[in-house]
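One structure is given here, and the rest of the page talks about it.
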Amino acid sequence: MAGLAAAHELASAGVDVVVLEGSDRLGGKLRLGEVGGLTLDLGAESVLARRPEGLDLIHAVGLDDRLVHPETITASIWTHGALRAMPPTVMGIPADPAALAASGIAEMPAPRILPAPDSDVSVAEFVTERLGRDVLDRLVEPLLGGVYAGSTDQLSLRATTPQIAALDDDLLAAAARYRAQATASGPVFAGLVGGVGQLPAAVAATPGIEVRLGATVRSVVRTPDGWRLSVGPTTDVETIDVAAVVVATPAPAAARLLAQEAPDAAFALAAVDYASMAIITYVFDDAVVPEGSGFLVPPVDGTFIKAATVSSNKWGWVAASGRTVIRSSVGRAGDSTLLQYDDGVIAARALADLRDAFGVLPEPADLLVQRWGGGLPQYDVGHLDRVELIERSVAAVPGLEVCGAAYRGVGIPAVIASGRAAARRLLDVGTIES
Ligand SMILES: Cc1cc2nc3c(=O)[nH]c(=O)nc-3n(C[C@H](O)[C@H](O)[C@H](O)COP(=O)(O)OP(=O)(O)OC[C@H]3O[C@@H](n4cnc5c(N)ncnc54)[C@H](O)[C@@H]3O)c2cc1C
């Protein structure tokens, strides 16, 4: 999506762009697939609406008429043997201590008011010192697990939860104020009737963008006039000469591609870790499930799944099918053992957890296990320093840019923003002309 957003920005300025996609399919983590006769998102499924970039691109490629908002965003935490309505929080920091107490989710000791740390720290260290371990384990950890599939012991406070880092020293009071302002400003998420997985193809249809699938880029080398790319299978490598390059791959591939021309950036990129996960989508004919968008699970509870979304409660267009659609996710950073099971075992164990959480569920009419190896980059403590180093190293090389989830945000609007910014830098310095 980052690379496509860069291509869209360049093509809109009249530049001819070729998108070289290594796989046989466009869109990366945005992907549609068929389950039980329904076409559904198998990767990302919603777009943050509080930032403009996702909605802007949807508008720019003419998908406005499919824009929708969730029917419900009321989520639960599955803990202490029950689904418990999530109290209001700012990324897990309680914004209403009374609601937290009533939920039975976590115990909160008397908060400690401490000054902001001088340097980056882990989310776990910051929260535990101020609000205790239970709030971390049962609220913050499952929420961050949902976004980053990571562990708060490693995740950087500055990079992953700037909202928390920006709260002032009295965390609870600041969270309550932040939350009050946020609820006043419209829907939090958006989606597309038919799935957000439609966005890549719509962007690729922009005049001026040529897409080549199965075109793995193997090297990126400067020439006197621009850049030479080696593309395709090792047995049949093609060279392509271009004026400028935007590297929009995940960090491991970017590290390989930048090794020759921006070695400092390559070295830093090679250190970015990734979490692997799987999304299991179930379609039921006659299931009765509780209201609400789904639930998150604290890792301390030791369940197989880490979250479940009831897509047919969340999205009106899915509900219109008359079926019940549930997607559950498994896999966290540093714990890939669950993903070593075959698909049948993963689907059966996840279904057993769903039955524990929801009560009775019939046999699904159909299901699909979508694995996402290297799905989400981990923004460990110090991540933003690493990103600054990468950006400096790349900025020293004219005609080269990077973008994507490895840098300053993993969500769809953030990666679109990074792609657009990469394109704008190329246009602004005049490296390329229309
Ligand atoms: C399961 C899952 C669910 C998610 N849900 C949401 C959600 O609901 N909302 C949200 O905002 N975000 C969500 N995210 C996060 C978000 O979808 C991703 O962070 C974002 O889409 C990543 O975009 P990207 O362009 O940086 O990278 P990618 O999507 O990884 O795209 C990179 C592309 O580069 C290609 N590539 C790699 N190497 C090469 C090479 N050498 N040559 C050519 N091509 C190459 C890959 O094949 C891929 O197509 C989710 C992520 C996952 C994994």
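A quick yes/no check of all residues on (1) in the same structural domain as Ala421 (by TED's automatic domain parsing); (2) within 13 Å of the ligand (Cβ to nearest atom); (3) outside any strand (DSSP E or B); (4) surrounded by 21 or more Cβ atoms within 10 Å (Cβ to Cβ):
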position	(1), (2), (3), (4)
Ala6	yes, yes, yes, yes
Leu10	yes, no, yes, yes
Val19	yes, yes, no, yes
Ser23	yes, yes, yes, no
Glu34	no, no, no, no
Gly43	no, yes, yes, no
Leu57	yes, yes, yes, yes
Quiz prompt | Single match in Arg50, Arg84 (criterion: touching a helix residue (DSSP H, G or I) at 6+ places or on another chain (Cβ under 9 Å), within 12 Å of the ligand (Cβ to nearest atom) and farther than 26 Å from Ser276 by Cα) | solution = Arg50
Practice problem: Would you confirm whether any residue within the range 198-208 is in a strand (DSSP E or B) and in contact with a strand residue (DSSP E or B) (Cβ under 6 Å, 6 or more places away or on another chain)? | Solution: no
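Residue-wise test of (1) out of contact with any helix residue (DSSP H, G or I) (no Cβ under 7 Å at 6 or more places or on another chain); (2) outside the structural domain of Ser329 (by TED's automatic domain parsing); (3) assigned to a helix (DSSP H, G or I).
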{"residue": "Trp372", "(1), (2), (3)": "yes, no, no"}
{"residue": "Glu388", "(1), (2), (3)": "yes, yes, yes"}
{"residue": "Pro413", "(1), (2), (3)": "no, yes, yes"}
{"residue": "Arg424", "(1), (2), (3)": "no, yes, yes"}
{"residue": "Glu433", "(1), (2), (3)": "yes, yes, no"}
Exercise. Give the range 394-427 a look and list any residue that's within 13 Å of the ligand (Cβ to nearest atom) and either over 23 Å from the mean Cα position of the chain (by Cα) or not hydrophobic (A, V, I, L, M, F, W, C) (or both), or say none.
Key: Gly404, Tyr407, Arg408, Gly409, Gly411, Pro413, Ser418, Gly419, Arg420
Self-check item: Residues of the range 363-372 classified as of a type in the set (Gly, Ala, Ser) and within 16 Å of the ligand (Cβ to nearest atom), total
Solution: 0
Quiz item: Any residue in the range 373-391 that is within 15 Å of the ligand (Cβ to nearest atom), within 30 Å of Gln260 (Cβ to Cβ), of a type in the set (Val, Ile, Thr) and surrounded by fewer than 22 Cβ atoms within 10 Å (Cβ to Cβ)?
Solution: yes
Exercise. Could you tell me which residue of the range 122-152 is farthest from the ligand (Cβ to nearest atom), considering only residues that are buried (at least 18 other Cβ atoms within 10 Å of the Cβ) and in a loop (DSSP other than H, G, I, E, B)?
Key: Thr152
Quiz prompt | Filter result for Leu155 (more than 12 Å from the ligand (Cβ to nearest atom), buried (at least 20 other Cβ atoms within 10 Å of the Cβ) and more than 25 Å from the chain's Cα centre (by Cα)) | solution = no
Self-check item: Complete set of residues in the range 308-332 that are crowded, with 23+ Cβ neighbours inside 10 Å and under 27 Å from Tyr379 (Cα atoms)
Solution: Ala308, Thr309, Arg327, Ser328, Ser329, Val330, Gly331
Quiz item: Is the range 215-234 home to any residue that is outside the structural domain of Ser336 (by TED's automatic domain parsing), in contact with a helix residue (DSSP H, G or I) (Cβ under 7 Å, 6 or more places away or on another chain) and more than 15 Å from the ligand (Cβ to nearest atom)?
Solution: no
Quiz prompt | Any chance Ala173 is in a helix (DSSP H, G or I), more than 27 Å from Val387 (Cβ to Cβ) and aliphatic (A, V, I, L, M) | solution = yes
Exercise. Go through the range 292-307 and give me each residue that's surrounded by fewer than 19 Cβ atoms within 10 Å (Cβ to Cβ) and in contact with a Ser or Thr (Cβ under 7 Å, 6 or more places away or on another chain).
Key: Gly292, Asp301
Self-check item: Counted residues, the range 333-353 - those being surrounded by fewer than 19 Cβ atoms within 10 Å (Cβ to Cβ), aliphatic (A, V, I, L, M) and at pLDDT 95 or above
Solution: 3
Quiz item: Restricting the search to the range 312-331, which residues are within 18 Å of Val147 (Cβ to Cβ) and of a type in the set (Ser, Thr, Tyr)?
Solution: Ser328, Ser329
Quiz item: Tell me, which helices (runs of 4 or more DSSP H) lie completely within the range 310-363 with 3 or more residues that are within 30 Å of Arg66 (Cα to Cα) and not hydrophobic (A, V, I, L, M, F, W, C)?
Solution: 311-314
Exercise. Give the range 392-407 a look and list any residue that's of a type outside the set (Gly, Ala, Ser) and farther than 19 Å from Gly27 by Cα, or say none.
Key: Arg392, Val394, Val397, Pro398, Leu400, Glu401
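The values are calculated or read from the model by the stated rules, or taken from the named source; none is laboratory data. This one's a predicted model, so the numbers in the text were calculated from it and none came from an experiment. Ideal geometry is used to build each Cβ from the backbone, glycine not excepted, and the neighbour counts take in all protein chains shown.
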